[in-house]
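Notes follow once the structure below has been shown.
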């Protein structure tokens with residue numbers, strides 16, 4: 001599988017005062033495959049934006065290197081194939097369509113194609129009726145959507161989005177989510193940094209969690225959400241008192257047991273005259289995973305298929 | 001070349017209000033000049049013209065020294081450099097933008113100078129020659145300021161620019177009178193300041209040519225530095 005984005009042992013240090021250094025990224029390595037939606041998570045100050053700015057060539061790594069669509073970070077021509085939306089989007093105060101056309105023209109678009117694409121992307125983000133309004137008068141959510149439009153206008157192969165839905169209302173969020181899913185269907189790669197874990201859980205194929213500049217989790221979203229340690233069992237014909245923490249719902253008793261004692265639990269159900277109707281690895285929310293990994297300072301861990 | 005021009009025009013557009021205020025100021029002074037009693041007050045008229053003319057060098061330092069800082073602080077630079085725009089192209093756009101802004105000022109001043117000074121006996125050709133000197137000086141001054149602003153904040157960039165531009169004047173007076181041409185912004189500005197009704201303007205094309213060459217050299221230095229600096233600071 002070819003790679004859309006690759007960080008190879010990258011470290012980034014900031015010099016605040018003479019003698020004082022802050023390490024934002026520490027020996028960070030990550031590979032994003034083409035055609036996937038990749039969720040990039042981490043608490044504030046984890047180094048997410050630094051990693052994104054390095055990939056876009058805004059910053060230079062202190063150590064290590066990386067590649068964007070096969071070219072070293074900072075290669076201007078490659079950025080023509082990339083769409084980028086920064087956190088706290090800041091754009092020039094112009095009419096929305098003119099603004100989108102300005103950014104498209106910087107990527108070499110011109111003529112009828114420029115006109116057509118600017119209309120298409122404004123329509124895609126739900127701003128076509130505001131195309132002739134100055135973005136200086138836009139709300140933060142609308143501004144974010146114009147930012148997304150300028151990122152999409154050159155029909156990029158790779159979208160790098162830093163908090164693309166943070167200021168959006170639920171309706172707009174759903175439409176952007178659908179837009180991203182459509183983009184994946186078209187074979188585009190999406191690198192998505194977000195604090196909205198429910199969004200990430202819904203659309204991302206793989207997820208990486210960054211904490212204090214280090215990669216602490218990486219894996220398929222489904223694998224991360226399934227706990228290998230706990231199994232959830234549903235049974236009928238038994239009393240809920242038989243297992244600690246069991247609940248009854250529609251006549252079914254549900255409880256979780258450590259995977260290592262799963263067999264013993266099933267035998268206990270049978271011994272009590274009951275029947276096991278369902279047995280699943282316990283599913284956690286991404287929020288639980290996130291809290292688990294960011295509250296500890298463990299070494300980089302990889303989960304599932306890489 | 002297209003991204004460079006887009007960035008240049010965008011720079012002028014973003015600075016349209018200060019530019020407009022400066023142009024209106026020039027026009028206002030010109031209208032005031034048209035109402036003076038010639039030839040009795042023609043020396044005053046020339047003095048004001050020279051004063052207003054020399055300001056363009058200061059404006060170019062202001063525009064050049066604050067351009068990158070403003071773009072970085074507003075984070076608008078990110079969306080531009082996320083496109084197919086190399087850093088040297090971005091700087092070229094700013095240099096051309098600053099020069100365009102100052103050129104507009106010089107052109108307006110040339111027009112108004114022709115209206116006001118022409119009838120009082122100052123050669124209109126000389127007015128435009130002085131504007132060429134000023135345009136060259138402001139292009140150089142703006143580029144030096146831009147070069148400093150790639151790694152300093154606007155205040156220190158302006159200070160650094162002042163040192164570079166005024167050092168030849170100090171050397172000219174203390175070491176050798178031919179050293180004034182090293183960085184010819186001073187020399188070109190002095191040409192404007194020394195102009196008078198009594199003697200025709202003596203233009204030497206050497207400092208103008210040198211100013212243009214040095215503008216390119218300082219632009220090259222800017223790009224060399226700008227390629228090596230982080231342009232975004234993490235939000236965290």
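The values are calculated or read from the model by the stated rules, or taken from the named source; none is laboratory data. The structure displayed is predicted, hence computed values, not measured ones. So basically every Cβ, Gly included, is an ideal-geometry build from the backbone, and we count neighbours across all protein chains shown.
Out of all the residues in segment A:228-285, which are in a helix (DSSP H, G or I), within 30 Å of residue A:200 (Cβ to Cβ) and either in the same structural domain as residue A:199 (by TED's automatic domain parsing) or modelled with pLDDT of 85 or more (or both)? Result: A:262, single match. Here the condition is being within 14 Å of another protein chain (Cβ to nearest Cβ), within 14 Å of the chain's Cα centre (by Cα) and surrounded by 16 or more Cβ atoms within 10 Å (Cβ to Cβ); of A:24, A:55, A:51, it holds for A:51 alone. Of the residues making up segment A:105-138, those that are in contact (Cβ under 8 Å) with a residue 24 or more places away in the chain, out of contact with any strand residue (DSSP E or B) (no Cβ under 6 Å at 6 or more places or on another chain) and more than 11 Å from chain B (Cβ to nearest Cβ) number 14. Selection over segment B:118-129 of residues that are closer than 14 Å to residue B:103 by Cβ and in contact (Cβ under 8 Å) with a residue 60 or more places away in the chain gives a count of 0.
One line per residue, one yes/no per condition, for (1) free of Cβ contacts under 8 Å to residues at least 60 places away in the same chain; (2) over 27 Å from residue B:71 (Cα atoms); (3) out of contact with any strand residue (DSSP E or B) (no Cβ under 7 Å at 6 or more places or on another chain); (4) loosely packed, with under 15 Cβ neighbours inside 10 Å:
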| position | (1), (2), (3), (4) |
| --- | --- |
| B:194 | yes, yes, yes, yes |
| B:198 | yes, yes, yes, yes |
| B:204 | yes, yes, yes, yes |
| B:207 | no, yes, yes, no |
| B:210 | yes, yes, yes, no |
| B:220 | yes, no, yes, yes |
| B:224 | yes, no, yes, yes |
| B:232 | no, no, yes, no |
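One residue alone among B:32, B:51, B:89 is assigned to a helix (DSSP H, G or I) and within 12 Å of chain A (Cβ to nearest Cβ), and that residue is B:89. Looking at B:67, B:82, just one residue is buried (at least 20 other Cβ atoms within 10 Å of the Cβ), without any contact (Cβ under 8 Å) to a residue 60 or more places away in the chain and within 14 Å of chain A (Cβ to nearest Cβ), and that residue is B:82. For segment B:85-98, the condition of being free of Cβ contacts under 8 Å to residues at least 12 places away in the same chain and either crowded, with 24+ Cβ neighbours inside 10 Å or in contact with a strand residue (DSSP E or B) (Cβ under 8 Å, 6 or more places away or on another chain) (or both) holds for none of the residues.
Out of everything in segment A:88-104 that is crowded, with 21+ Cβ neighbours inside 10 Å and facing another protein chain (nearest Cβ under 8 Å), what residue ends up being nearest to residue B:71 (Cα to Cα)? Within segment A:88-104, the match that is nearest to residue B:71 (Cα to Cα) is A:91. Every test in (1) within 14 Å of another protein chain (Cβ to nearest Cβ); (2) under 17 Å from the mean Cα position of the chain (by Cα) is passed by residue B:4 save one, and that test is (2).
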